[in-house]
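The values are calculated or read from the model by the stated rules, or taken from the named source; none is laboratory data. No experiment lies behind these values; they were computed from the predicted model shown. Positions of Cβ are generated from backbone atoms using ideal geometry, with glycine treated the same way; all protein chains shown enter the neighbour counts.
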Amino acid sequence: MQDKIALSDQFEERLIEFAARIIRLAGRLPKNFQGRHVANQILRSGTAGAPNYAEARGAESRADFIHKMGIVQKELNETAVWIRIMAKSSLISPDLLVDILAENKELCRMASASIRTARTRAAFLCSDKN
């Protein structure tokens with residue numbers, strides 16, 4: 001059980017660091033209409049993962065955990081699209097986005113794995129009751 005707690009703490013810390021990187025990235029965007037629009041959008045989606053994960057960790061049931069982890073995954077997916085839009089629109093140098101996009105993909109994979117595990121355990125528990 002200690003390993004699972006440590007993994008969940010590590011995931012939360014990575015989400016917090018990712019959110020901090022997004023905040024710094026948004027600050028580098030141009031201060032024109034386009035830059036402010038993208039900055040607002042990426043700030044919203046890119047910082048939502050950590051607090052939503054904190055909510056998931058306090059879920060009242062496995063179904064609630066799965067639902068809240070789905071929100072984490074959706075916000076990370078949206079953030080990936082905004083990062084790609086920034087790269088394509090040349091609002092910021094695409095070279096500056098490579099590492100943060102890679103971290104985003106890894107966080108998405110971790111969230112997906114967590115959801116799969118929770119669903120598998122839920123199915124196992126349901127089949128155990130029958």
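One table, with the values for the structure above:
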| read-out | value |
| --- | --- |
| Residue list for region 1-52, filter: farther than 20 Å from Val98 by Cα and among the hydroxyl-bearing types (Ser, Thr, Tyr) | Ser8 |
| Hits in region 6-23 - residues which are farther than 14 Å from Ala48 by Cα and of a type in the set (A, V, I, L, M) | Ala6, Leu7 |
| Some residue of region 2-9 being of a type in the set (Ser, Thr, Tyr), at pLDDT 95 or above and in contact with a helix residue (DSSP H, G or I) (Cβ under 9 Å, 6 or more places away or on another chain) | no |
| Which numbered condition Arg44 misses (of (1) without any contact (Cβ under 8 Å) to a residue 12 or more places away in the chain; (2) of a type in the set (Lys, Arg); (3) buried (at least 17 other Cβ atoms within 10 Å of the Cβ)) | (3) |
| Filter result for Val81 (without any contact (Cβ under 8 Å) to a residue 12 or more places away in the chain and among the aliphatic types (A, V, I, L, M)) | yes |
| Number of the condition not met by Cys108 [criteria: (1) more than 15 Å from Phe11 (Cα to Cα); (2) at pLDDT 95 or above; (3) not small (Gly, Ala, Ser)] | (1) |
| Whichever residue in region 1-41 is touching a residue at least 60 places away in the same chain (Cβ under 8 Å) and farther than 18 Å from Glu106 by Cα and, among such residues, is nearest to the chain's Cα centre (by Cα) | Leu25 |
| Options Ile92, Ile100, Ile66, Ile83; residue that is touching a helix residue (DSSP H, G or I) at 6+ places or on another chain (Cβ under 9 Å), over 15 Å from Ile22 (Cβ atoms) and buried (at least 17 other Cβ atoms within 10 Å of the Cβ) | Ile66 |
| Region 103-120, residues that are farther than 19 Å from Ile16 by Cα and either basic (Lys, Arg) or crowded, with 17+ Cβ neighbours inside 10 Å (or both) | Ile115, Arg116, Ala118, Arg119 |
